[in-house]
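What follows is calculated from the coordinates using simple rules that are stated; it is not laboratory data. Please read all numbers here as calculations on a predicted model, not as lab measurements. Cβ: placed from backbone, ideal geometry, glycine included. Neighbour counts: every protein chain shown.
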Amino acid sequence: MTHTIVGKSITRIDVLDKILGRSKYADDLEFPDVLYAKLLRSKFPHAQIINIDTSKAEKLSGVKAIITAKDVPVNTFGIQFKDQVILASNKVRYLGDPVAAVAAESKELAEDAIELITVKYKELPAVFDSREALKASAPKIHDGGNFAAHRKIRLGTVKKGFQISDEIIEDSFTTQKMEHSHIEPHTGIATVDANGKVTIRSSLSVPFVARAELARVLKLPITKIRIIQPECGGNFGGRNEISLEPYIALLAMKTKQPVKMVWSREEEFIGSTIRHSYFIEYKTGVKKDGRLIAREVKMISDAGAYSSYGESALTKSCILASGPYKIPNVKVDGYLAFTNQPVGGAMRGFGAPQVFAAEETHMDHIANNLGMDTIELRLKNALKTGDQTVTGQILHGVGFTKTILKAAEAARWDKHQLLTEKETNTTKRGMGVACLIYPVGFTEKANPSAAFVKVNSDGTMNVSIGALDVGQGSTTVLAQIAAEELGTSINNISIVTGDTDTDPYDTGPIASRVTYATGNAVRFATAKAKQMLLEVAAESLTVNIDALETKDGVIYVRGAPQKCISIAEAALICQQKGKPVAATASFNPPNALLDPETGQGKPYPTYVFATQIAELEVDTQTGYVKVIKIVAAHDVGKAINPALVRGQIIGGIGFGLGQAMLEKMVLAQGKNLNPNFLDYLLPTSLDMPDVEVLIIEEPEPTGPFGAKGVAEPSNVPTTPAIINAIYDAVGIKINDLPATPEKVLKALREKKG
Amino acid sequence: MKLKGDIMIKQKIQFVLNGKSVEVAVKPNTTLVDVLRYQLKLTGTKRGCDRGNCGACTVLLDGKSVYSCLILAPKVNNREVLTIEGLGEPGNLHPLQEAFMEHNAVQCGFCTPGMLLSAKALLDDTPHPTKKEVKTAISGNLCRCTGYIQIIEAILDAAERNAKKGR
């Protein structure tokens, strides 16, 4: 099928306002008499609250309201379990726990007021290591203890599998805590109208989930809460649940004035959700010829003080622990433990970056032990169309092998021994590969999207959706899908989004699902509207409806394009007949619950695949690693907009490079020691290697025009590809992220002896 | 305890902002980014960290790129400031803006204004930069979305366009 708009690198439709500095992010919005809100957070990682005294702060001129736990109608929240408090009442469980919130006439006054609140604590023993937290002797953080979840995968019999294996290879791996670091901090403004309706302007990526959660917390009907999403300055999972919204809502309700809260960069580190750190152990049994026979994986994820997305991310980790490979005997156990650390939440890759860092470096270890080329080992065990995943799901449209072959060709893998020619006495070169399987959509749960379209009498179309563009370009992609389906120019499509009062429901731009799920909803709604147009066109042209096609805003008879009527005319006829063209449709990615004992079932509708190859140079005197080039081959299904796909992949590679070499939240006794971008290092332009992106389009039959998605997966293989390349260069195995120069240097010295 | 809310003294400053003279009364502890955003209502300049680490607040001061969150407002008295609002307008985009648009150098857009101004400072000073010079020039502007490569491509392309236009 030839497409006119899908598959084209159309300029993103929101770009002009962005390059002119005219896009309005939350803090750019202005309200008269706005008050500034600030949170007082816990002083201890684990403590009982004896008393909170706000009297001094209340007396400060310009302070308009102070709220504590007693002011919160329902003082619990949580995406999966309601185990988190809005404002701590009797106990704090980490240093980010808010204890009180203040609204004042200026930011400075709000900060002053916070300083004047005195809280009496009784410090409790705390636990900061997830392995320690699971021991019976550990201090209990929640009434039910520190054990938050256990997820399992069981396939075949690993014991037998190990018995018949020729070799058994074991590895352990540790991953770090990371902060999303979207450059726009969490920001929100709440207003309350005379009827008590609360409007919140905050760029939440899950506005409908958040609205329901807020209704619960505030004890208001959902119709009394409206979330308007301004432009969003990056998400990466950091805005996947409520954060500052309850405080500004409560303070606005109390003061009857608009209330704004902007988190400082430090608060982003201390009080927002982060990436879970993992301890992972791998054991794989393999035949001499490279066939993977059995695998046992054990992992412990640090939930931090509350569960948030912890169990869901852990489930994904367990499902993906066998990698993109066919292994007949698999046993995975994932544990989630509460600690007095920052709360782990959703973050780009959602449990995958941790396991793939371990899994793909483990694969290299296996290959090296067998004396086999690492790519050959991967090709030998690669999942193919028709294969079953570790959960028993039969795969379709698998472009995995293609990604390996294309990446290897582009990186000149076969010549990679020649890299030594570029080496000096103090610099060594290496090349490393890593692969990926990654699902589209939510794990096990319903995650629907709906769309509402209207075709206007001039042939233009409004498309209402509930999935905000958080920077990835989804609005442009959805407009392309709508334009292609209707058969008109993209200039005739107007995407309307960002308001829970008017948008149809959407699960949001999370789980790499918008192109696939919202894209399907948009396509189906457009197809319904098009059907209405075709019906009047068929009548007007006196032909059978099946004979009609649309292109460039015109409905014409196939084979006789001179017999035609414009979409505008058809829409006008519909309108005059009393049936204005409008349609709704929804889509829910098909998935099913996993068996809790075996992990068998269909957790996702579809999967994407990727292979990345990193080439780098290690300075043996300083331990500094310079990544020179990354080749990234990604099977994304049909690429609706190749330029945007490329943008997502390169952006992800930056993210993965940060995880591999730079980023780590340093915590001591629950206190973050590097809560800023001077000490927590994000990749800069100077850290980025050259990147060659290869888009592999293995069409997904259930996706819009064959699309699967891109988004999260691109950062996942980057990290292990870099770690594997370091090994290739200097023969050291980094099994504790990130691979900082200090760590590399230390390992080099240890190796030398 | 020393409270912050009680500094009330303001002083008048005058400077050229995007080609026009402006006068504004500022507290001595106010930073340029806050004056631009909250007093002069030019919200194109962003605040990402408020301590000179992220570059979202980059503006040009007398043609040089600076972090406006690290500049106290009285310091710009009698000087010249360029913000994103003065770089171009619809129908008359700066070549850098055109190139950013065409090279998909923008995702969430929050770092974009600062990034464009750092790029302008570079091209004004070094019309034909090498890739390394481009990377260095924007290394103080953090972007979490793009991985920088499309931004670097855009800046190199804008330099070429400038050369052709003789700008």
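Taking amide H positions as placed 1.01 Å from N in the peptide plane, with prolines and chain starts having none, which residues 5 or more places from A:Ile555, or on another chain, fall under 5 Å of its amide H?
Amide H neighbours of A:Ile555: A:Ile565, A:Ser566, A:Ile567.
Give me the distance between the Cα centres of the range B:108-167 and the range A:79-119, rounded to whole Å.
The two parts, judged by their Cα centres, are 41 Å apart.
Only helices at least 20 Å long along their axis, Cα-based, and averaging 0.0 or more on Kyte-Doolittle count here, so list those DSSP H runs from chain A.
Helix filter hits for chain A: A:519-541, A:642-657.
Counting only helical runs of four or more DSSP H residues, what would the 222 nm mean residue ellipticity of chain A come to if each run contributes -39,500 (n - 2.57) and the total is spread over all its residues?
-8000 deg cm²/dmol
Find which of B:Pro127, B:Leu142, B:Cys111 sits farthest along the positive direction of the dipole of the range B:95-165, computed with +1 on the beta-carbon of Lys and Arg, -1 on that of Asp and Glu, about the Cα centre.
Going by the charge dipole, the pick is B:Leu142.
To the nearest 20 Debye, how big is the dipole of the range B:95-165 about its Cα centre, given +1 on the beta carbon of each Lys and Arg and -1 on that of each Asp and Glu?
Charge dipole, the range B:95-165, about its Cα centre: 100 debye, nearest 20.
Give the cross-link partners of A:Lys224 among the aspartates and glutamates, using a straight C-alpha distance below 18 Å as the criterion and excluding same-chain residues fewer than 8 apart.
Hits, sequence-local ones excluded: A:Asp193, A:Glu213, A:Glu245, A:Asp499, A:Asp501, A:Asp503.
Would you mind getting me the FRET efficiency between A:Glu376 and A:Asp690? Use the beta-carbon distance for r and R0 = 25 Å, nearest 0.05.
Working from the Cβ atoms, E equals 0.45.
Stokes-Einstein D for the range A:385-464 at 25 °C, 0.890 mPa s, Kirkwood Rh over Cα pairs, in µm²/s?
Rounded to a whole number, D works out at 134 µm²/s.
Which whole number gives the average count of other chain Cβ atoms within 10 Å of the Cβ atoms across peptide B:149-157?
For this peptide, the per-residue mean of nearby foreign Cβ atoms is 3.
Ignore the peptide's own chain and count Cβ atoms of other chains within 10 Å of each Cβ in A:20-33; give me the average, rounded.
Shielding by partners across A:20-33 averages 5.
How many nm separate the modelled label positions at A:Ala527 and A:Thr157, each set 7 Å beyond the Cα in the direction of the Cβ?
Calculated label separation equals 4.7 nm.
Would you kindly work out the equivalent ellipsoid of chain B from its C-alpha gyration tensor and give its semi-axes, the square roots of five times the eigenvalues, largest first in whole Å?
30, 17, 13
Based solely on its DSSP helices, what 222 nm [θ] is calculated for chain B when runs of n ≥ 4 H residues each add -39,500 (n - 2.57) and the sum is averaged over all residues, nearest 500 deg cm²/dmol?
-8500 deg cm²/dmol
Distance in nm between label sites at A:Glu742 and B:Leu70, each 7 Å beyond Cα in the beta-carbon direction?
2.4 nm
If the cut-off is 18 Å between C-alpha atoms, which lysines fall inside it for A:Lys406, apart from same-chain ones fewer than 8 positions away?
List returned: A:Lys380, A:Lys384, A:Lys415, A:Lys629, A:Lys638.
Can you tell me the length gained on complete extension of the stretch A:Glu535 to A:Thr4, counting 0.36 nm per residue apart and subtracting the Cα distance?
That pair, A:Glu535 and A:Thr4, stretches by 188.8 nm at full extension.
Could you line up B:Cys108, A:Cys435 from fewest to most neighbouring Cβ atoms inside 10 Å?
B:Cys108, A:Cys435
Which FRET efficiency, nearest 0.05, do B:Lys12 and B:Tyr38 yield, Cβ-Cβ r, R0 25 Å?
So the FRET efficiency works out to roughly 0.90.
At what distance in nm do the modelled label points of A:Val543 and A:Leu678 sit from each other, each positioned 7 Å from its Cα along Cα→Cβ?
7.0 nm
Set Lys and Arg Cβ to +1 and Asp and Glu Cβ to -1, take the dipole of the range A:675-728 about its Cα centre, and tell me which of A:Ile726, A:Ile695, A:Gly709 lies farthest positive.
With unit charges placed on the Cβ atoms, the residue in question is A:Gly709.
To two decimal places, what compactness ratio does the range B:95-165 give when its Cα radius of gyration is scaled by 2.2 N^0.38 Å?
0.96
Can you tell me the dipole magnitude for the protein assembly as shown around its Cα centre, using point charges on the Cβ only (Lys, Arg +1; Asp, Glu -1), in Debye to the nearest 20?
The calculation lands at about 1120 debye.
Cβ under 9 Å from A:Ala148's Cβ, A:Ala148 left aside: what net charge do those residues give with Lys, Arg +1 and Asp, Glu -1?
-2
Exposure proxy check: A:Ser181, A:Ser586, A:Ser494 ranked by fewest other beta carbons within 10 Å?
In increasing order of surrounding Cβ atoms, one gets A:Ser494, A:Ser586, A:Ser181.
Using a Debye calculation, one point per C-alpha and no hydration shell, please list log10 I(q)/I(0) for the range B:11-86 at q = 0.24 Å⁻¹ in order.
Debye intensities relative to I(0), on a log10 scale: -1.13.
Calculate, for A:Asp129 and A:Gln417, the FRET efficiency according to 1/(1 + (r/R0)^6) with r their C-beta to C-beta distance and R0 41 Å; round to the nearest 0.05.
After rounding, the FRET efficiency stands at 0.45.
Residue by residue, what Karplus-based ³J(HN,Hα) values in Hz, rounded to whole numbers, does the range A:414-425 have, using 6.51, -1.76 and 1.60 with θ = phi - 60° and x for Gly and Pro?
The phi angles translate into 5, 9, 6, 5, 6, 4, 4, 4, 8, 7, 10, 4 Hz.
When we measure straight from the Cα of B:Lys20, which lysines land under 20 angstrom away, once same-chain ones fewer than 8 places off are left out?
Straight-line reach from B:Lys20, under 20 Å: B:Lys12, B:Lys41, B:Lys64, B:Lys75, B:Lys120.
With a 10 Å Cβ neighbour count serving as the proxy for reagent exposure, in which order, fewest first, do A:Phe442, A:Phe338 appear?
By the 10 Å Cβ count, ascending, the order reads A:Phe442, A:Phe338.
Can you grab the distance from the C-alpha centre of the range B:69-94 to the C-alpha centre of the range A:620-688, Å, no decimals?
A separation of 31 Å, based on Cα centres.
Mean 1/r over all different Cα pairs, inverted: what Kirkwood radius does the range A:20-156 give, in Å?
In the range A:20-156 this quantity evaluates to 17.6 Å.
When a/c reaches 1.5 or more, the comparison of a/b and b/c decides; with that in mind, is the protein assembly as shown rounded, prolate or oblate per its Cα gyration tensor?
rounded
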